[in-house]
1. Any residue in the stretch 28-49 that is over 23 Å from ILE102 (Cβ atoms) and of a type in the set (Gly, Ala, Ser) sitting within a Cβ distance under 8 Å of a residue that is at pLDDT below 90 and not in a helix (DSSP H, G or I)? List the pairs, counting only those 6 or more apart or interchain.
2. Please tell me if GLU43 is exposed (fewer than 12 other Cβ atoms within 10 Å of the Cβ), over 17 Å from the mean Cα position of the chain (by Cα) and of a type outside the set (A, V, I, L, M).
3. State all residues of the stretch 1-53 that are of a type in the set (Phe, Trp, Tyr) and either assigned to a helix (DSSP H, G or I) or over 21 Å from LEU76 (Cβ atoms) (or both); if no residue qualifies, say none.
4. All but one of (1) surrounded by 11 or more Cβ atoms within 10 Å (Cβ to Cβ); (2) closer than 21 Å to ILE10 by Cα; (3) modelled with pLDDT under 90; (4) not acidic (Asp, Glu) hold for GLY64; state the number of the condition that does not hold.
5. Report, ordered by the first and then the second residue, all pairs with beta carbons closer than 9 Å, sequence separation of six or more or different chains, a first member in the stretch 59-81 that is more than 17 Å from VAL4 (Cβ to Cβ) and charged (D, E, K, R), and a second member that is at pLDDT below 90 and assigned to a loop (DSSP other than H, G, I, E, B).
6. Go through the residues of the stretch 4-24 one by one and say whether even a single one is within 22 Å of TYR109 (Cα to Cα), surrounded by fewer than 16 Cβ atoms within 10 Å (Cβ to Cβ) and of a type in the set (Lys, Arg).
7. At pLDDT 90 or above and acidic (Asp, Glu): does that describe GLU94?
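The values are calculated or read from the model by the stated rules, or taken from the named source; none is laboratory data. These numbers come from a predicted model, not from an experiment. FYI the Cβ positions are ideal-geometry reconstructions off the backbone, even for glycines, and counts take in every protein chain you see.
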Amino acid sequence: MFKVKCYKDILTLEANNSVPARIITMLKEELARIKSWSDEDCETSLESFHTDDYDYGYIAIFEGTETDQEIEDLGLTDGLEAILPEVAYNFFIEGQKWTKIIVIYNDSYSMSVWLRNTDIFDSYVTNVEDSDAPSEEIF
């Protein structure tokens, strides 16, 4: 599992080629949204923003090898199977299926979780984007 809590974390993913470039772009956009919700007074730049300073949530990228303890440490005490996501999206990028779910813990804390090649949340999916398809409008 990889936790994205700051812009440097995304740069690390990008440098290691851990996720496709399209996911990197979406992670940057998502971190910017988290910053806008957390740092309403724009006290810090995106490059110096860190989710631990605001405690509104962060992004987790699952590799599929997470232990029960790692999942529990995210506050998902009943495991992935017990999650009822607020929303779920599937993205098909570079021959892989990526699922993004949003888990809301309370009024001020939520998590964005990215999972690679899983079908566990397909019944919750509201949007599907096929980035490997010809460049036609998906939505």
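1. Once the first residue is over 23 Å from ILE102 (Cβ atoms) and of a type in the set (Gly, Ala, Ser) and sits in the stretch 28-49, no partner that is at pLDDT below 90 and not in a helix (DSSP H, G or I) comes close enough.
2. yes
3. TYR7, TRP37, PHE49 - these are the residues of the stretch 1-53 that are of a type in the set (Phe, Trp, Tyr) and either assigned to a helix (DSSP H, G or I) or over 21 Å from LEU76 (Cβ atoms) (or both).
4. The single condition GLY64 does not satisfy is (1).
5. Correct list of pairs: ASP68/GLY79; GLU72/ASP78; GLU72/GLY79.
6. Let us first name the residues in the stretch 4-24 that are within 22 Å of TYR109 (Cα to Cα), namely 4-10.
Those still in the list that are surrounded by fewer than 16 Cβ atoms within 10 Å (Cβ to Cβ) too: 8.
With the extra rule that they be of a type in the set (Lys, Arg), the set shrinks to 8.
Within the stretch 4-24, one or more residues are within 22 Å of TYR109 (Cα to Cα), surrounded by fewer than 16 Cβ atoms within 10 Å (Cβ to Cβ) and of a type in the set (Lys, Arg).
7. yes
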